[in-house]
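Input: a single structure, listed below in structure tokens.
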Amino acid sequence: MDKLKFAFYWGASCGGCEVAVLDIDERVLEVLQIGDIVFWPVAMDTKYKDVEAMPDKSIDVSFFNGSVRNDESEHIAKLLRQKSKFMIAFGSCAHEGCIPGLANLHDRESIFKKVYKESVSTVNPNGVTPQTHYHVPEGEIHIPAFHDTVKTLDQVVDVDYSIPGCPPNPDIIVAAIDALASTVDEKFAGIMTVNGYKIETLPPKGAVLAPNRAQCFECPLKKEDKRIDKIYRVYEKIPEPGKCLLDQGIICMGPATRMGCHTQCMNAGMPCTGCQGPVDQAEELGASMMTALTSNIGLDDEKESDYDPNKFIEQIKDPIGTFYMYSLPASILKRKVMKK
């Protein structure tokens, strides 16, 4: 039977999403039953010109992981959108900007100054920084231009669906491939082995392909709705086993974060940091979590007069890194405004 055509691309990211594709284990054989990979630079020698020569919409599904940081990523995002029936923001970087998106606290000039001129490990007496064009004896080298602002995939091209996570959970990946393949051609329905999080039918365009409930619904830790008057960073306190981390003063993003990862962090005694992104009802992840946190802070009623909210706020050492670790480019903030 005719197979589907898949494409994978790696933009500004750590590469963990590429590994996550292999984390579906033996089910990768089921993927190969229904589809061929026609473009995957990290794993096969396919040139950009090969993709440019493909007919429009000849690729059934493109999985684009990584945020858009430079000219190259932007060009390939637009190229794959042109060539694909479905364009998927694969993983937190493409979905919300993720860790690379924290660079939006700076601009190109300040980043280059720090990295190439001021860091203690840099030896660069001439202050040389990367150039987009450079002549060498063999010819001219072209290097992608570094952008001031990190963007999510849907800020650059039209995205059909997002698969969240840093990296996406293997069960979510398989469920998404199963739903997408069945939609493109019903003869592929039921071939994939889906263990949890099954997607019966594709939701409307633009949706996130993960359950629309908060992590707390899936979390095994018991919540007692205690009010907290002190914030602990993860290295400052050994949490009590089996009890809600937020109740113990450790900021856990579970109340604001979409489920779909089998609560792997909480199972290991670590707080959720928000990589699955917000549920549909939340305008953004950071503001939603700050709202949830305010409902948990304070003292017992008889001690309210002694409570100073400013001292509580001071205990949150890194607000942007805490509440917007994965989502700054996708938030209502997007970036810090830099003075020119």
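The numbers here are math on the coordinates, done by the rules we state, and not lab data. Remember, predicted model here, so these are calculated numbers, not experimental data. When we count neighbours, we look across all protein chains shown, and the Cβ atoms used for this are built from the backbone with ideal geometry, even at glycine.
Report, to two decimal places, the Cα Rg of segment 211-334 normalised by 2.2 N^0.38 Å (N = number of residues).
1.03
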- Task: Could you pull out every one of the aspartates and glutamates with an alpha carbon less than 17 Å from that of K223, ignoring same-chain neighbours closer than 8 positions?
- Result: E240, D247
- Task: Work out, step by step, the length gained on full extension between A43 and A207: first 0.36 nm times the residue separation, then minus their alpha carbon distance; give nm to one decimal.
- Result: 56.2 nm
- Query: Once you put a point 7 Å from the Cα of E186 and another 7 Å from the Cα of V120, both along the Cβ direction, what distance in nm separates them?
  - Reply: 6.6
- Among V120, V31, rank each residue by its count of other Cβ atoms within 10 Å, from fewest to most, as a rough exposure measure. V120, V31
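Give me S62, S110 sorted ascending by neighbouring Cβ count inside 10 Å, so fewest comes first. Let's see the in-between values first.
Values: S62 26, S110 14.
By the 10 Å Cβ count, ascending: S110, S62.
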- Message: With +1 on the Cβ of every Lys and Arg and -1 on the Cβ of every Asp and Glu, and nothing else charged, how large is the dipole of the chain about its Cα centre, in debye rounded to the nearest 20?
- Response: 660
- Note on the structure: Under 5 Å from the placed amide H of D107, counting only residues 5+ away or on other chains, we find none
- Taking Cα pairs closer than 8 Å and at least 6 residues apart, the relative contact order of segment 1-148 in percent is 23
- Mind giving me the nanometre distance, one decimal, between the label points for E52 and T129, set 7 Å out from Cα along Cα→Cβ? 2.9
- Identify which of A210, A43, A287 has the largest mean-square fluctuation in a Gaussian network model of the chain, with springs joining Cα atoms closer than 10 Å. A43
- Which whole-Hz couplings ³J(HN,Hα) result when phi for each residue of segment 60-65 is put into the Karplus expression 6.51 cos²θ - 1.76 cosθ + 1.60, θ = phi - 60°, listed in order with x for Gly and Pro? 6, 9, 10, 9, 9, 10
- Item | Footprinting exposure proxy for W40, W10 (fewest neighbouring C-beta atoms within 10 Å first) | W40, W10
- Message: How much length would be gained if the chain were fully extended between L22 and E314, taking 0.36 nm per residue of separation minus their Cα-Cα distance, in nm to one decimal?
- Response: 100.9 nm
- Query: Working out 0.36 nm times the residue gap between N267 and L29, then minus their Cα-Cα distance, what length gain in nm do you get to one decimal?
  - Reply: 82.7 nm
- Message: For a 29 Å ceiling on Cα separation, which of these pairs sit above it: K78/K334; K205/K339; K311/K336; K117/K339; K311/K339; K85/K187?
- Response: K205/K339; K311/K339
- Query: Short version: ³J(HN,Hα) in whole Hz for each residue of segment 209-223, in order, from phi by Karplus 6.51 cos²θ - 1.76 cosθ + 1.60 (θ = phi - 60°), x for Gly and Pro, what are they?
  - Reply: 8, 7, x, 8, 9, 6, 3, 4, 5, 9, 5, x, 6, 7, 9
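Give the relative contact order (percent, whole number) for the chain; include only Cα pairs under 8 Å separated by 6+ residues.
Numbers: 633 pairs, mean separation 59.4, N = 340.
That works out to 17 percent.
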- Search the structure for amide H atoms under 5 Å from the amide H of F8, placed 1.01 Å from N in the peptide plane, and list their residues when 5 or more places away or on another chain. F39, W40, F63
- Message: Going by Cα centres, segment 1-57 and segment 248-270 are how many Å apart?
- Response: 31
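So if we plug the beta-carbon distance of D2 and D280 into 1/(1 + (r/R0)^6) with R0 = 45 Å, what FRET efficiency do we get, rounded to 0.05?
Details: r = 35 Å, r/R0 = 0.78.
With R0 = 45 Å, the Cβ-Cβ based efficiency is 0.80.
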- Item | Under Karplus coefficients 6.51, -1.76 and 1.60, residue-wise ³J(HN,Hα) of segment 121-135 in Hz, glycine/proline x | 9, 8, 10, 8, x, 8, x, 6, 10, x, 10, 6, 9, 8, 8
- Orphan Cys of the chain, criterion: no other Cys C-beta under 4.7 Å: C14, C17, C216, C219, C244, C252, C261, C265, C272
